[in-house]
Amino acid sequence: MKRSTVQLLVALCGLVIMGSCSAPKNTASKQGKAPLIAPSEIVEKTAPRLDTVVAIKEAVQEQAAANNPAVIDNTLTPEQKAWEMFREGLHKNYDFAAAMHYDVRKPQFVMIHHTSQSSLAQTVRTFQLAHTKVSSHYVIGRDGRVVQMLNDYLRGWHAGRGKWGAITDMNSVSIGIELDNNGREPFPDAQINSLLVLLDTLKTKYSIPQKNFIGHGDFAPGRKDDPNVFFPWQLLAERGFGIWYNPNYLVQPPITFNPIDALKLMGYDLTNQEYAIKAFKRKYIKSDLSGILTEHDKAVLYDLYRKYY
């Protein structure tokens with residue numbers, strides 16, 4: 001009995017000693033700083049895998065970029081250029097701890113163009129030449145073939161200088177779609193059908209409002225006129241992409257209606273009023289491209305104003 005009592009006391013002492021040793025460790029692990037990740041480590045672990053055939057060439061480019069980080073080689077793909085920019089956005093002299101909540105560029109507009117070139121292949125080539133300084137997210141051929149040239153989340157160079165409402169940097173908030181068309185001809189059914197499918201995909205995926213499907217000429221009146229007068233804006237509006245008036249219910253606007261204010265409300269830049277009117281008429285009137293609003297033009301504008309604004 002005495003021996004068993006001694007053994008029990010020894011066991012209890014052992015538990016107390018073990019508890020006193022382990023408790024500080026647990027407390028330290030709970031109260032200590034969470035480990036931070038160095039930017040170099042996160043970059044290396046998440047870097048995209050590149051084709052081994054061009055590994056040597058890209059290693060040289062990477063070394064050159066390291067020597068001069070401001071220079072991004074024009075031979076890189078858009079995704080690789082974006083990755084280089086991502087790497088430049090991480091500062092190696094600071095600790096890094098990834099936040100849980102963030103967004104990339106979300107498209108809010110779709111801008112439609114015609115290419116003013118002679119073939120799909122020519123336009124694709126144009127967007128792959130360094131000196132052209134122009135690009136678009138999609139190009140659609142006359143036969144309906146769709147070529148994606150930029151990730152939707154990347155900023156294309158398709159809109160250029162212009163203004164729509166308060167937006168002057170349309171490239172940052174839009175997806176550009178180029179239609180293979182020389183600017184003087186109708187758009188084939190196969191091409192428009194492919195466009196409608198693409199627009200439906202983009203509208204659904206990014207929740208783009210109906211009014212935010214516009215043409216290049218809307219954004220840059222006087223500088224651009226695409227897509228041309230043959231483009232079927234009415235068909236697009238019937239499918240929910242862009243706006244259109246009801247030709248069967250046109251009425252003369254009240255005397256208090258100001259058509260210039262209505263154009264501004266729609267988004268047109270009134271810096272040059274004549275250019276804005278021509279852009280509006282190229283899209284909605286088509287038969288008369290003068291810089292003067294007729295009574296019919298005002299009725300169309302008033303119907304659009306009543307319907308959408």
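The values are calculated or read from the model by the stated rules, or taken from the named source; none is laboratory data. Predicted model only: the values in this text are computed from it and were never measured. Quick reminder, even Gly has a Cβ in these numbers, built from the backbone with ideal geometry, and neighbours come from all protein chains shown. Remember, those area values only see protein heavy atoms, side chains included, never the ligands or the DNA or RNA. Shrake-Rupley method; radii C 1.70, N 1.55, O 1.52, S 1.80 Å.
Computed values, structure above
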quantity	calculated
Residues satisfying the stated conditions in the range 172-219, i.e. farther than 20 Å from L304 by Cβ and part of a loop (DSSP other than H, G, I, E, B)	D180, N181, N182, G183, R184, E185, P186, F187, P188, S207
Selection count where residues are open to solvent by less than 30 Å² (accessible area, probe 1.4 Å) and within 14 Å of G183 (Cβ to Cβ), scope the range 102-131	5
Residue under evaluation K163, criteria (1) in contact with a strand residue (DSSP E or B) (Cβ under 8 Å, 6 or more places away or on another chain); (2) under 28 Å from Y309 (Cβ atoms), criterion not met	(1)
Unique residue being surrounded by 17 or more Cβ atoms within 10 Å (Cβ to Cβ), among the hydrophobic types (A, V, I, L, M, F, W, C) and without any contact (Cβ under 8 Å) to a residue 60 or more places away in the chain when the list is A190, A220, A262	A262
Listing of helices (runs of 4 or more DSSP H) fully contained in the range 244-309 that carry 1 or more residues being touching a helix residue (DSSP H, G or I) at 6+ places or on another chain (Cβ under 6 Å), over 27 Å from P186 (Cβ atoms) and of a type outside the set (A, V, I, L, M, F, W, C)	259-266, 295-308
Contacts under 9 angstrom Cβ, first residue in the range 227-248 being hydroxyl-bearing (S, T, Y), partner part of a loop (DSSP other than H, G, I, E, B) and surrounded by 14 or more Cβ atoms within 10 Å (Cβ to Cβ), 6 or more apart	none
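To keep it simple, each residue is scored yes or no on (1) farther than 15 Å from G165 by Cα; (2) surrounded by 15 or more Cβ atoms within 10 Å (Cβ to Cβ); (3) touching a Ser or Thr at 6+ places or on another chain (Cβ under 7 Å).
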| site | (1), (2), (3) |
| --- | --- |
| S207 | yes, no, no |
| D225 | yes, yes, no |
| P253 | yes, yes, no |
| Y268 | no, yes, no |
| A276 | no, yes, no |
| I292 | yes, no, no |
| K298 | yes, yes, no |
| L301 | yes, yes, no |
